[in-house]
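> Provided herewith is a single structure, encoded as structure tokens, for subsequent inquiry.
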Ligand code: ATP
Ligand code: MG
């Protein structure tokens, strides 16, 4: 449970400048575009949740600072210099976020000095990457046609004081970090270092997680595009196994700690017989185990498709000791183990088997965002720019409860968002696949 205190967003100081949009808004009879600084977005969105808080006044229950444009802003748009960096793995929509930040800065605020740092945090350390580039509306005009990130990315730790030295040297006022949990930890470290030196540098994150596993930000950008792409592979697997004798398809999708892609992709067209996710333990052996249940399903229906989140079943194989450049554990090959177990089990029971394996992993990450995600990226980016121009720092932009909100980085990196095995999403999956409630 997160507290109201933990959700307080840090600000650089008093907002003394009029928003450049003021004249436009003033020409209307309403000021509704501007966020009321006293308003809050509630975490609880049902009567029962609120009732469980007892007599606590609404002003004291956990709530977020709302996102959106402010009447008064902290930075003088005429003098503001901005940097943008993308870090970690690829995800659909990175270029949409970059483009929308640039356009919002230029068109809404008249901020025109925007630097794109290359290759993640390495690009913020002088001499470690190609020189930064200048971002303009012309430069970003067509970047959303392709997936990936026009700025490049990287992993591996960098020296935070050196990064801040470089920001000071380049007179950067605002740094936008688009990246995953590690990137947000980095952004937090940069913001802390800047605050400890009493520098007026805002660090604002647009959190990226293809697995949708960052808490308190609602759905992450690119997630919808990702699961739609994964659903295509599941559909392909269904066609393949239906045409084969004893057809079994295993489709591995992204999802290290959270099985959201597996669940949504499986639900997209009801083509999956089993969904295996890290949150719900299962056994392979035994009467209720996956292998016996799979054999039964193939006997009854002629074929079966298993959708496997990459982090599922890790407890059934030896723990991996490998780490990537950023120190994240590299998962063990459960998909390979599972295929071998299925092959052996069908052989032992003298059942015919045609086993097909599908791994759409990198395809899912590298495609451009679909229209809905492009819209989402644009709006997240606009809200991130509003937050930064209003002097917010050490925060990310999110959309919990379908409202744009400012969330301190420290609370989004504290936990992982996961599929609730007792929640309605997992129930939908069980209903759609008709897999046993318990295979443990
Ligand atoms: P993904 O989830 O796609 O892997 P990520 O942002 O989590 O994205 P990482 O490689 O873990 O990817 O981290 C991105 C960058 O953030 C790396 O350069 C890493 O060194 C840096 N980073 C991670 N944690 C910290 C930290 N605590 N302080 C400073 N930098 C950090
Ligand atoms: Mg990560």
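> Express in nm, to one decimal, how much length is gained between residue 347 and residue 288 on full extension, taking 0.36 nm for each residue of separation and deducting their alpha carbon distance.
Answer, rounded to one decimal: 19.3 nm.
> In deg cm²/dmol and to the nearest 500, what is the mean residue ellipticity at 222 nm of the chain if only DSSP H runs of at least 4 residues count, each as -39500 (n - 2.57), divided by the residue total?
After summing the helix terms and dividing by the residues of the chain, the value is -10000 deg cm²/dmol.
> Can you grab the distance from the C-alpha centre of the range 172-217 to the C-alpha centre of the range 92-136, Å, no decimals?
So the separation of the two Cα centres works out to 15 Å.
> With the chain treated as a Gaussian network of Cα nodes joined by springs under 10 Å, which of 237, 266, 340 yields the largest mean-square fluctuation?
340
> Mind pulling the angle between the C-alpha long axis of helix 223-242 and the longest principal axis of the chain? Nearest 10 degrees, somewhere in 0 to 90.
Roughly 20 degrees, rounded to the nearest 10.
> Let me ask something additional. Based on other C-beta atoms within 10 Å, arrange 329, 112 from fewest to most.
By the 10 Å Cβ count, ascending, the order reads 329, 112.
> Arranged by the count of other C-beta atoms within 10 angstrom, fewest first, what order do 169, 406, 108, 270 take?
169, 270, 108, 406
> Quick check: the angle from helix 181-196's long axis to the longest principal axis of the chain, C-alpha only, nearest 10 degrees?
Computed tilt is about 20 degrees.
> Something else about it: I'd like the antiparallel share, as a percent to the nearest 5, of DSSP beta bridges with both residues in the range 211-347.
10 percent
> Could you tell me the extents of the range 226-269's C-alpha atoms along the three principal axes, largest first, rounded to whole Å?
Largest to smallest, the principal-axis extents are 34, 17, 13 Å.
> Spin-label point model (7 Å from Cα, Cβ direction): what's the residue 340 to residue 422 distance in nm?
Here the answer is 3.7 nm between the modelled labels.
> Subtracting the Cα-Cα distance from 0.36 nm times the residue separation, let me have the gained length for residue 78 to residue 58 in nm, one decimal.
In short, 3.3 nm is gained.
> A further question on this structure: Once you place label points 7 Å from the Cα toward the Cβ at residue 138 and residue 438, how far apart are they in nm?
Going from the residue 138 label point to the residue 438 one covers 6.7 nm.
> Considering Cα pairs under 8 angstrom that are at least six residues apart, work out the relative contact order of the chain and quote it in whole percent.
23 percent
> By counting other Cβ atoms within 10 Å of each Cβ, how are 407, 85 ranked from fewest to most?
Listing 407, 85 from fewest to most nearby Cβ atoms yields 407, 85.
> What residue among 301, 379, 155 shows peak mean-square fluctuation when the chain is described by a Gaussian network model with Cα springs under 10 Å?
301
> Suppose we keep just the DSSP beta bridges with both residues in the chain; what percent of those would be antiparallel, to 5?
That works out to approximately 30 percent antiparallel.
> While we're looking at this one, here's another question. What residue among 163, 47, 317 shows peak mean-square fluctuation when the chain is described by a Gaussian network model with Cα springs under 10 Å?
Among 163, 47, 317, the largest mean-square fluctuation in the Gaussian network model of the chain belongs to 47.
> Another one. Restricting to Cα pairs below 8 Å that are 6+ residues apart, what does the relative contact order work out to for the range 1-127? Please round to a whole percent.
For the range 1-127, the relative contact order is 31 percent.
> Please give the Cα centre distance for the range 143-167 versus the range 290-352, rounded to the nearest Å.
Using only Cα atoms to place each centre, the spacing works out to 36 Å.
> Counting pairs of alpha carbon atoms under 8 Å apart in space and at least six apart in sequence, what relative contact order in percent does the range 87-158 give?
With pairs under 8 Å counted, the relative contact order is 47 percent.
> Sticking with this structure for a sec: Semi-axes of the range 76-170's equivalent ellipsoid from the Cα gyration tensor, sqrt of 5 times each eigenvalue, largest first, rounded to whole Å?
Largest first, the range 76-170 gives 21, 19, 9 Å.
> May I ask you to compute the full-extension gain from residue 366 to residue 146, defined as 0.36 nm times their residue separation minus their alpha-carbon distance, rounded to one decimal in nm?
Answer, rounded to one decimal: 78.4 nm.
> With the alpha-carbon atoms as the only input, what is the per residue convex hull volume for the chain in Å³?
Residue-normalised Cα hull volume stands at 157 Å³.
> I would also like to ask the following. Going by alpha carbons, how many degrees (0 to 90, nearest 10) lie between the helix axis of 290-301 and the longest principal axis of the chain?
70 degrees
Each reported figure results from applying straightforward, stated rules to the coordinates on display, with no laboratory input. Note that the coordinates shown come from a computational prediction; the quantities given were computed from them, not determined experimentally. All Cβ positions, even for glycine, are placed from backbone atoms using ideal geometry, and neighbour counts span all protein chains on display.
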